[in-house]
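The values are calculated or read from the model by the stated rules, or taken from the named source; none is laboratory data. Quick caveat: nothing in here was measured; it's all calculated off a predicted structure. Using ideal geometry, Cβ is built from the backbone for each residue, glycine included, and neighbour counts are taken over all protein chains shown.
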Amino acid sequence: MTDQQKGAFFAFLSYAIWGVFPLFWKLLEHVSSMEILLGRVIWSCVFTTVFILLIGQRKKLIDDLRYLWKHKRQFFSLMAAAFFISINWYIYIWAVTHDRVLESSMGYYINPIISVVFGMIFFKEKLSRPTIVALFIALLGVLVMTINYGQVPWASLLLALSFAIYGVLKKRIVLDATRGLAIETLFILPFALMYYVYLYMNHSMQFLHEGWQTDVLMMISGIITAIPLILFAKGAQIIPMYLLGFIQYVSPTITFLLGVFLYHEPFTEVEAIAFGCIWTAIAIFSYSSILEAKKRHTVQVK
């Protein structure tokens, strides 16, 4: 197996794991979305830190912390990134545990296109005509759902926006993925612990009160958060961006299939039109990305 094949396998596996996340979060439907988020933050921090220590990167982690402390702009950018990824995690958990798996799927379908727009706004990247067309078609899909339901599909849009903002902030910070996750969760850890104290004092805490199965699942949430991120980091370092761009649609596609065929969420003509617009936009966007990548490769070869 070549390095590129290994990279593609790692990337595919990471997105496949993210795609089946609803299966796991559904097991915690009896726990509040906020407490699931708190557990995910706490145990992600614990397990990623332990993992870093086991692979002998304690000194590198300390060096990262010292670097961030000296470079305040990077420090606050990572803190903001931690805030937005926490929002993203909460909305995703809430959507899955409230029978809105299809909305979460749409959010991650839309995300790459919003990321391109943010690239234009924040990094002065140019939008190609096909990308602009894809953006308007995707917006048409969102508009169809808005008109039909009488309200904006805010879960989809907030998922896409929060992850796109997270991507912008992370683009300015060069950190190892695993150590970066440990530091990000470390930023949120004090708030998570304080909120847990609040839940305990109000007799609302379900961890350690709902049985060992719930406790184990809450702890495992930290592991399943870290594993796909580590796999993704390994894959992204090897394969080209256009291939990574294609593979990223594995996750929302699996989630979509789970929502329709396993959880039997409503998929009427309206959803078909809305998702049809999104898929058309993705096809145009992906084709355009491949052409751009080939052009750049041709120029580099010459």
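Observations
- For the residues Leu143, Leu127, Leu157, Leu135, the requirement of being without any contact (Cβ under 8 Å) to a residue 24 or more places away in the chain, more than 25 Å from Ile52 (Cα to Cα), out of contact with any His (no Cβ under 6 Å at 6 or more places or on another chain) and assigned to a helix (DSSP H, G or I) singles out Leu143.
- Scope the range 160-176; condition assigned to a helix (DSSP H, G or I) and surrounded by fewer than 18 Cβ atoms within 10 Å (Cβ to Cβ); matching residues: Lys171
- Filter pass, Tyr149 being modelled with pLDDT under 90, among the hydroxyl-bearing types (Ser, Thr, Tyr) and farther than 22 Å from Thr225 by Cα: yes
- Lone unmet requirement of (1) surrounded by fewer than 20 Cβ atoms within 10 Å (Cβ to Cβ); (2) polar (S, T, N, Q); (3) within 18 Å of Ile110 (Cβ to Cβ) for Thr255: (1)
- Count of the range 208-219 residues which are closer than 24 Å to Ile52 by Cα and touching a residue at least 60 places away in the same chain (Cβ under 8 Å): 3
Here is a yes/no grid of residues against (1) in a helix (DSSP H, G or I); (2) touching a His at 6+ places or on another chain (Cβ under 8 Å); (3) free of Cβ contacts under 8 Å to residues at least 40 places away in the same chain; (4) of a type in the set (S, T, N, Q):
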| site | (1), (2), (3), (4) |
| --- | --- |
| Met194 | yes, no, yes, no |
| Tyr198 | yes, no, yes, no |
| Gln206 | no, yes, no, yes |
| Ile254 | yes, no, no, no |
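- Scanning the range 168-180 turns up one or more residues that are in contact with a helix residue (DSSP H, G or I) (Cβ under 6 Å, 6 or more places away or on another chain), basic (Lys, Arg), more than 25 Å from Val96 (Cβ to Cβ) and at pLDDT below 85.
- Residue under evaluation Thr225, criteria (1) closer than 30 Å to Leu38 by Cβ; (2) at pLDDT 90 or above; (3) out of contact with any Asp or Glu (no Cβ under 7 Å at 6 or more places or on another chain); (4) not aliphatic (A, V, I, L, M), criterion not met: (2)
- Residues of the range 110-124 satisfying the condition of being without any contact (Cβ under 8 Å) to a residue 60 or more places away in the chain and within 22 Å of the chain's Cα centre (by Cα): Asn111, Ile114, Ser115, Val117, Phe118, Gly119, Met120, Ile121, Phe122, Phe123
- Candidate set from the range 228-277 (those that are among the small types (Gly, Ala, Ser), touching a Ser or Thr at 6+ places or on another chain (Cβ under 8 Å) and closer than 24 Å to Thr178 by Cβ); member that is modelled with the highest pLDDT: Gly235
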